[in-house]
Ligand code: DC
């Protein structure tokens, strides 16, 4: 079974997808982490962000893997090295949308996402899971939340990781990513026609997980 969870940054996708996968005993696949891992490699190798050919070549020659830890957290491996923390740095967040909008990069990374998802029952979260990666997913969700709430969630998340950020920094970054992610030519962020829309602004994490599980358990 494939469960697709899409939506903009800060809508609660990763937390909800991780908890849902854990409750169901499914594999959790954070597709944003895959784009982030590639972005880390591009920055570390000092590849120019406009050098599309080199970025595509890097995507094709890079091994990215996701390992579900027994406690439900996710380990992200970049060429065998654990980069789970490194990919959350603001400098990665700043450039990831520019890399994710390159069509040929998406082709390489979507193939990887399909391979990972077909290993066993999975919950995938991202921007285009229900529209492009797994258009035939068994259940699709589109999580959303008010802009200010999404900024606040990201702000708290990064503060908890010890990052030195301001609310305004995050607001600027989210606005920028929302624009790039939803206006890019290939696979822009949009709700699949058959996805359930969930506005999480006023909902607790537990309530969203409950709502998602209820829909998954309901057959048909
Ligand atoms: O969910 P996130 O913030 O970790 O995602 C990082 C970026 O990766 C996001 O700004 C857009 C891109 N992305 C994408 O284009 N397609 C996906 N399926 C997942 C993420």
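Among the candidates 94, 120, single out the residue that is in contact (Cβ under 8 Å) with a residue 60 or more places away in the chain, under 25 Å from residue 179 (Cα atoms) and outside any strand (DSSP E or B).
From the options 94, 120, the qualifying one is 94.
Restricting to strands (runs of 3 or more DSSP E) lying wholly in region 1-75: which have 1 or more residues that are at pLDDT 95 or above and closer than 24 Å to residue 207 by Cβ?
2-6, 27-30
Of the residues 107, 149, only one is out of contact with any helix residue (DSSP H, G or I) (no Cβ under 9 Å at 6 or more places or on another chain) and either at pLDDT 95 or above or within 18 Å of residue 45 (Cα to Cα) (or both); which?
149
Are there any pairs with C-beta distances below 6 angstrom linking a residue in region 146-174 that is under 13 Å from residue 90 (Cα atoms) to a residue that is surrounded by fewer than 16 Cβ atoms within 10 Å (Cβ to Cβ) and at pLDDT 95 or above, with the two at least 6 apart or on different chains, and if so which?
155/167
Can you tell me which residue within region 155-178, out of those that are surrounded by fewer than 14 Cβ atoms within 10 Å (Cβ to Cβ) and closer than 19 Å to residue 143 by Cβ, is nearest to the ligand (Cβ to nearest atom)?
175
State which residue is farthest from residue 93 (Cα to Cα) when the search covers only region 179-220 and only residues that are away from the ligand (no atom under 16 Å from the Cβ), in contact (Cβ under 8 Å) with a residue 12 or more places away in the chain and part of a loop (DSSP other than H, G, I, E, B).
194
Return yes when residue 125 is under 16 Å from the mean Cα position of the chain (by Cα), closer than 19 Å to residue 39 by Cα and in a helix (DSSP H, G or I) and no when it is not.
The answer is no for residue 125.
When the residues of region 76-91 are filtered to those that are more than 16 Å from residue 29 (Cβ to Cβ), under 16 Å from the mean Cα position of the chain (by Cα) and outside any loop (DSSP other than H, G, I, E, B), which remaining residue is nearest to the ligand (Cβ to nearest atom)?
Among those residues, the one meeting the criterion is 88.
Could you give every pair whose Cβ atoms fall below 7 Å, whose first residue belongs to region 4-17 and is closer than 10 Å to residue 30 by Cα, and whose second residue is part of a loop (DSSP other than H, G, I, E, B), counting only separations of at least 6 or pairs across chains?
13/7
The values are calculated or read from the model by the stated rules, or taken from the named source; none is laboratory data. From a predicted model like this one, the values you see are computed outputs, not experimental measurements. Neighbour counts run over all protein chains shown; Cβ positions are idealised from the backbone, glycine included.
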